[in-house]
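J.: Right, I'll just put the structure down here and ask away after.
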Amino acid sequence: MTKGPGRFEFYLIQLDKLLLEASRTDNPALFLYQNDCRTKVFMLEGLAKLYAGMHNEKKFLKIKADLKSIEDTLGSIDYYDSFAKEFLLDAEMPTTIRIFMEEKRAEKFGLLHALLLKRKWINHSPSRTTKIRKRLSKLDWQSPEKEIVQIKNFYNNSISAIDNFYKETGENFTDVELQVHELRRKLRWLSIYPQALQGAIQYIEKGVKDDSNVKYLTPEIINSAYNVFPLAGNNKIVLQLEKNYFLALSYTIAALGKLKDTGLKLLATAEAVKATQFVSDEIAMQRACELNKMNTDGLKEILLKAKELCVPFFEEKNLQKML
């Protein structure tokens, strides 16, 4: 049966290949960004996060911190790159704002290159993944039977933590980044683990009729490649998740993602306006709304839509029903 070390090794092999190829290029940071390095690192980070919640917490958190640093930097590149490309196609977007996005993107690429060298991700055969493997080799690993029990417990604990985080908002979101985006991050991890665990989580369909669940089962969600779990393979003992409620989770992640993207676009535009026009935060946001053809209360509308989405999702206990 597939065990913890094998799950890490599956993605470490892929990451090593990318790092080696990147080391041979003139621009390793650009190569890694363009070749989906973030997904490999994200899967490894997810495994480290999950196993830290099961055993050897401190050691797994050290591995997670290493991976998170590179994943976060790739994420910051993606943030500015997406807006730089989008604004380039918008003839009404001021040139100063386009240049700002391009400069921020270049700055983040520079940070990634420096991180790759400082932390020895590249040009060192690559020693950073070698250190990760050494750490993994010194850990105690549970039997597959115990692991599945612990993974289920981890899901339960994660769901409780997400519920508590949501309740702290009082069902009234006031911040796109700290609340809507952060909630989506927490929900998204629940959908990442089945991919990262390579078959240890499978669907079960009990056929229970739940009218409140139907609205989430759109063709886009049902047919999404992201909702296809890896085959069980040699995992003879698996954790089963009720499919329709996992799809409800997937729907909510996707819907929050669209709202988050719109909100972050406003925030990024406001950041550019403030930096290039030297105005207050309030005026920068007003101009950002105008440039993106949104009402001046654009952020408030996004936060309200997020609330309208999340209130029924959490009241229906979709996460709890998924297990």
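J.: Under a crude label model (7 Å from the Cα following the beta-carbon direction), how far is ASN156 from SER224 in nanometres?
T.: It is 2.7 nm.
J.: Moving to a separate point now. Lysines within cross-link reach of LYS243: Cα-Cα under 18 Å, excluding same-chain residues under 8 positions apart?
T.: Correct list for LYS243: LYS152, LYS206, LYS209, LYS215, LYS317, LYS321.
J.: With an 8 Å Cα cut-off and a minimum separation of 6 or more residues, compute the relative contact order for the stretch 138-261 in percent. Display every interim value, and only then the final one.
T.: Working: 101 pairs, mean separation 40.9, N = 124.
In percent, rounded to a whole number, it is 33.
J.: Something else now. Projecting each Cα onto the charge dipole of the chain (Lys/Arg +1, Asp/Glu -1 at the beta carbon, about the Cα centre), which of LEU267, TRP141, ALA84 comes out farthest on the positive side?
T.: Of LEU267, TRP141, ALA84, it is TRP141.
J.: From the list (i) 40, 19, 18; (ii) 34, 29, 16; (iii) 36, 24, 18, can you say which value of semi-axes √(5λ) of the Cα gyration tensor in Å was derived from the structure given?
T.: Structure-derived value, by its label: (ii).
J.: Taking a 1.4 Å probe, which of THR276, THR129 shows the most accessible area, and what order do the others take after it? Intermediate values should be presented prior to the final figure.
T.: Numbers: THR276 45, THR129 0 Å².
Order by accessible area, largest first: THR276, THR129.
J.: With the dipole of the chain worked out from charges on the C-beta (+1 for Lys and Arg, -1 for Asp and Glu) around the Cα centre, which of TYR33, ILE283, LEU18 lies farthest toward the positive end?
T.: Value computed over the given set: LEU18.
J.: Okay, next question. Just to be sure I understand: with springs between alpha-carbon atoms less than 10 Å apart, which residue in PHE278, PHE83, PHE109 has the highest mean-square fluctuation in the Gaussian network model of the chain?
T.: The residue with the greatest mean-square fluctuation here is PHE278.
J.: Taking all protein chains in place and a 1.4 Å probe, what share, in percent, of the accessible surface of the stretch 1-92 do carbon and sulfur account for?
T.: Numbers: 2270 of 4280 Å².
The C+S portion of the solvent-accessible surface of the stretch 1-92 is 53 percent.
J.: How high is the relative contact order of the chain? Use alpha-carbon pairs under 8 Å, at least six apart in sequence, and give a whole percent. Kindly include the intermediate steps, with their values, before the conclusion.
T.: Details: 344 pairs, mean separation 61.8, N = 323.
Averaging sequence separation for qualifying contacts and normalising by length gives 19 percent for the chain.
J.: Under 13 Å from the Cβ of ASN234, count the other residues' Cβ atoms, weight Lys and Arg +1, Asp and Glu -1, and hand me the total. Don't skip to the answer; put the middle values down first.
T.: Details: positive: LYS3, ARG7, LYS236; negative: none.
Counting the neighbours of ASN234, the net charge comes to +3.
J.: Going by Cα centres, the stretch 19-48 and the stretch 153-209 are how many Å apart?
T.: The stretch 19-48 and the stretch 153-209 have Cα centres spaced 26 Å from each other.
J.: Find the accessible area per residue for the chain; the probe is 1.4 Å, ligands and nucleic acids are left out, and the unit is Å². Numbers along the way, then the final one.
T.: Details: 16220 Å² over 323 residues.
Accessible area per residue: 50 Å².
J.: Could you give the size of the charge dipole of the stretch 20-123 about its Cα centre, using +1 on the Cβ of each K and R and -1 on the Cβ of each D and E, expressed in debye and rounded to the nearest 20? Please report the intermediate quantities before stating the final value.
T.: Working: 17 positive and 16 negative charges, 152 e Å.
Once rounded to the nearest 20, the dipole reads 740 debye.
J.: While we're looking at this one, here's another question. How about LYS17: which lysines have a C-alpha closer than 17 Å to its C-alpha, ignoring those fewer than 8 places off in the same chain?
T.: Cross-link targets: LYS40, LYS120, LYS131.
J.: In the Gaussian network model of the chain, springs joining C-alpha atoms below 10 Å, which of LYS17, LYS49, LYS104 carries the largest mean-square fluctuation?
T.: Highest fluctuation of the listed residues: LYS17.
J.: Next question. Given only helices, namely DSSP H runs of n ≥ 4 each adding -39500 (n - 2.57), what is the per-residue ellipticity at 222 nm of the chain, to the nearest 500 deg cm²/dmol?
T.: -23000 deg cm²/dmol
J.: Assuming R0 = 30 Å, what is the FRET efficiency of LYS138 and LYS206, from their Cβ-Cβ distance, to the nearest 0.05? List each step's numbers first, then the result.
T.: Numbers: r = 41 Å, r/R0 = 1.38.
In this case the efficiency is close to 0.15.
J.: To continue, here is another question. What are the ³J(HN,Hα) values, in whole Hz, obtained from phi via the Karplus relation 6.51 cos²θ - 1.76 cosθ + 1.60 with θ = phi - 60°, for each residue of the stretch 295-300 in sequence order, with x given for Gly and Pro?
T.: The phi angles translate into 4, 5, 9, x, 5, 4 Hz.
J.: Taking the alpha-carbon distance from LYS258 and a cut-off under 18 Å, which aspartates and glutamates remain once sequence neighbours fewer than 8 residues away in the same chain are dropped?
T.: Qualifying aspartates and glutamates at Cα under 18 Å: ASP78, ASP81, GLU86, ASP175, GLU177, GLU182, GLU220, ASP297, GLU301, GLU308.
J.: Okay, moving on. If you roll a 1.4 angstrom probe over the protein chains with everything in place, what fraction of the accessible area of the stretch 154-260 belongs to carbon and sulfur, to the nearest %? Working shown, then result.
T.: Details: 2740 of 5260 Å².
The value for the stretch 154-260 is 52 percent carbon and sulfur by accessible area.
The values are calculated or read from the model by the stated rules, or taken from the named source; none is laboratory data. Keep in mind that this is a model prediction, so the values were computed, not measured. Glycine gets a Cβ as well: all are built from the backbone with ideal geometry, and neighbour counts include every protein chain shown. Ligands, DNA and RNA are excluded from the accessible area calculation, which covers all protein heavy atoms including side chains. Shrake-Rupley method; radii C 1.70, N 1.55, O 1.52, S 1.80 Å.
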